[in-house]
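The values are calculated or read from the model by the stated rules, or taken from the named source; none is laboratory data. The model shown is predicted, which means the values in this text are computed figures rather than measured ones. Every residue, glycine as well, gets a Cβ built from its backbone with ideal geometry; the counts of neighbours run over all protein chains shown. Protein only, heavy atoms only, side chains kept; ligands, DNA and RNA dropped before computing areas. Shrake-Rupley method; radii C 1.70, N 1.55, O 1.52, S 1.80 Å.
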Amino acid sequence: MERERIPWYWQARTAALLALPVLLTGMYGTNYVFLAAHTPHRCVVPECEGGDGVDGGTESALWAAWGEWALLPDEPCHRPRPLAAHCQDATDFDNTTLLPCDRHLYSHSATIVSEFDLGCQEWKRTLVGTIHNVGMLVSLPIMGYVSDRWGRRAALVGSGAGAGLFGLAKSFVTTYPTYLVMEFIETVFGASVYPAAFVLMIEWLGVEQRILASLLLGVPLAAGAASLALLDYVAGYWRTWARFAYPPSFLLLLYPWLLPESMRWLVAKGRISEAMETIKRATRGNKAAFSEETIHRMLATDQVTEKVEVVVEEESLFKAFIKYGALRRRLGVCFAWWASGVFVFYGLAVRAHALSGSPHGNYALLAAAELPALLLNTLLLDRVGRRPLLTAAFLLTALALTVIPLLPEGNVAGTALFLAGKMGATMALNALYVYTAELFPTRARQRLLAACSTCGRLGAILAPQTPLLAAYGAWVPTSVLGALPLLSAALTRLVPDTLGRRLPDSFADLGSSATDLSDLP
């Protein structure tokens, strides 16, 4: 379709309307980083504190003078066995025998960790992020079906408003299992907001403008992540955060009257009259005009394109996988790229609390690091090529993250390297959307891109568990996050660059010298 002839004002208006749901999904996307953040705590010592202890406290209240003999340093889950019913000196406790805590005192009550008493159950705390990312995996096929059956706009509105409803409901739960259920359902809805917005955006801009679409939607996505940190800092309590963060999603219920449906989807569904009316509204909005003949010709072009894409590939995907080594190689490489790239991207978000300084400030900086990454990709992907840029992005991430464990703890340089790693991870993940799609034939492109994205979601499921690796050494989580991009960078040598090359139409094209072998080292 000749989308370049659609008035730019209409496309800018569409991008502006899509900015709100994308910003909100950026805010919700990793809310567990703060809502289920590690919260300093210690055992309640009834012999020293009187009665049954207390439920909350302050950072200073965690360590009283009697803590020298009634508590052990770096042991928040056990305490020395009491030898008397009072707390006068060290002789009242046996430091050689430890008892598990009956109750805990937390430094603050801002998170679900203190609310549901998860202090010495680290696996329950990290499970929140894993459940969140399992919801992301489940969301893809469900909302993909909604998008194809009822439209891109319906998927966007249903995803955003549904996430807002269940996210708000999450703020009223009173038990940990119920919280997990609400977290899962919220994510099943909300995880498809960005894909729905991205598809709608490129179907208005044109598939060839997907790099520009990534920039237009990547900016509000990063702004949403920064807003998460700011709102959590201001709210100071996870329930308050949720009751401020989720209600704006209900504004999306107005979008059936504000946001235009994808014209390509309308044509594919045979709703030509609606597509024509949409074009007319677009031209009127920009004080332009197309003749009826021009509009019919544009729509006919789009229909022909759809038909060509349907007949271009006759060979089944399974048979092609068995027959073509080039397909197996590309698919294996892309699976590794996506699993590694998404794991590192979300793993860095989870590790933000391990940096020195304010966790809110650190997370906002991590979100801000995405902006130069998106800008660099927009400027360089069509200049230096997909493979060189992806390789450089992986190597930047690997170098930055592997050097961090060698620096003294709390070093400012460590924070700077962490931000550089996040920038590299963002560049890599953003480039993967473009590069992966161009490595596969036309008819199977969407299915294989979805398969690679699913592998990425598996990486996202594992990412919240990275803090558990710190049990083997504080350097282990960051080292693992640095090693995976190094492997991914090496794998880029197994596939060709696609810049300036004719994209493959069939599986047979993958093995031809014109599209593959000449680019291999």
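Set side by side, the residues L168, L180, L216, L228 differ, and just one is under 24 Å from M263 (Cβ atoms) and not hydroxyl-bearing (S, T, Y), which is L216. Please indicate, with yes or no, whether at least one residue in region 383-399 is open to solvent by 60 Å² or more (accessible area, probe 1.4 Å), under 29 Å from P220 (Cα atoms) and under 19 Å from the mean Cα position of the chain (by Cα). Within region 383-399, not a single residue is open to solvent by 60 Å² or more (accessible area, probe 1.4 Å), under 29 Å from P220 (Cα atoms) and under 19 Å from the mean Cα position of the chain (by Cα). Any chance region 90-103 includes a residue that's modelled with pLDDT of 85 or more and part of a helix (DSSP H, G or I)? Scanning region 90-103 turns up no residue that is modelled with pLDDT of 85 or more and part of a helix (DSSP H, G or I).
Close contacts from region 11-32, counting a first residue that is closer than 10 Å to Y194 by Cβ and open to solvent by 20 Å² or more (accessible area, probe 1.4 Å) and a second that is part of a helix (DSSP H, G or I) and among the hydrophobic types (A, V, I, L, M, F, W, C), with Cβ to Cβ under 6 Å and a gap of 6+ residues or different chains, come to T25/V193.
Of all residues in region 104-113, none satisfies the criterion of being surrounded by fewer than 23 Cβ atoms within 10 Å (Cβ to Cβ) and assigned to a helix (DSSP H, G or I). Considering V181, V234, V219, V199, the condition of being within 25 Å of A368 (Cα to Cα), without any contact (Cβ under 8 Å) to a residue 40 or more places away in the chain, of a type in the set (A, V, I, L, M) and open to solvent by 20 Å² or more (accessible area, probe 1.4 Å) is satisfied by V234 alone.
Looking at region 400-410, is at least one residue of a type outside the set (D, E, K, R) and at positive phi? Yes; the residues of region 400-410 include at least one that is of a type outside the set (D, E, K, R) and at positive phi. One residue alone among A12, A36 is at pLDDT 85 or above and within 34 Å of the chain's Cα centre (by Cα), and that residue is A36. Would you be able to say whether some residue in region 203-222 is in a helix (DSSP H, G or I), closer than 23 Å to Y433 by Cβ, touching a Pro at 6+ places or on another chain (Cβ under 8 Å) and of a type in the set (V, I, T)? The answer is no; no qualifying residue exists.
Could you list, in sequence order, the residues of region 355-366 that are at pLDDT below 75 and surrounded by fewer than 19 Cβ atoms within 10 Å (Cβ to Cβ)?
Hits for region 355-366 are S356, G357.
A Cβ distance below 7 Å, combined with a sequence gap of six or more or placement on separate chains, defines the contacts here; from region 86-112, residues that are over 30 Å from H360 (Cα atoms) reach residues that are of a type in the set (F, W, Y) and open to solvent by less than 80 Å² (accessible area, probe 1.4 Å) in the pairs C87/W66; D89/W69; A90/W69; F93/W69. Only one of the listed residues (W123, W69) is surrounded by fewer than 21 Cβ atoms within 10 Å (Cβ to Cβ), among the aromatic types (F, W, Y) and at pLDDT 85 or above. That residue is W123. Number of residues in region 432-487 that are part of a helix (DSSP H, G or I) and among the aromatic types (F, W, Y) equals 3. In this structure, T187 does not qualify as in contact (Cβ under 8 Å) with a residue 12 or more places away in the chain, open to solvent by 20 Å² or more (accessible area, probe 1.4 Å) and not hydrophobic (A, V, I, L, M, F, W, C). Would it be correct to say that G144 is within 25 Å of the chain's Cα centre (by Cα), of a type in the set (G, A, S), open to solvent by less than 70 Å² (accessible area, probe 1.4 Å) and within 19 Å of P177 (Cα to Cα)? Judged against the criteria, G144 is not a match.
Residues are listed down the side, and each one gets a yes or a no for (1) closer than 30 Å to E203 by Cα; (2) β-branched (V, I, T); (3) in a loop (DSSP other than H, G, I, E, B):
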position: A64; (1), (2), (3): no, no, yes
position: E68; (1), (2), (3): no, no, no
position: R81; (1), (2), (3): no, no, no
position: V146; (1), (2), (3): yes, yes, no
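Of the residues P405, P372, the single one that is assigned to a helix (DSSP H, G or I) and closer than 16 Å to L484 by Cβ is P405. So which pairs qualify, if the first residue must be in region 480-504 and within 22 Å of F440 (Cα to Cα) and among the charged types (D, E, K, R), the second must be at pLDDT 85 or above and in a helix (DSSP H, G or I), the Cβ gap must be under 6 Å, and the two must be at least 6 apart or on different chains? So the pair list comes out as D497/R386; D497/R387. Answer yes or no: is there a residue in region 400-407 that is open to solvent by 30 Å² or more (accessible area, probe 1.4 Å), under 23 Å from the mean Cα position of the chain (by Cα), more than 20 Å from L365 (Cβ to Cβ) and at pLDDT 85 or above. Scanning region 400-407 turns up at least one residue that is open to solvent by 30 Å² or more (accessible area, probe 1.4 Å), under 23 Å from the mean Cα position of the chain (by Cα), more than 20 Å from L365 (Cβ to Cβ) and at pLDDT 85 or above.
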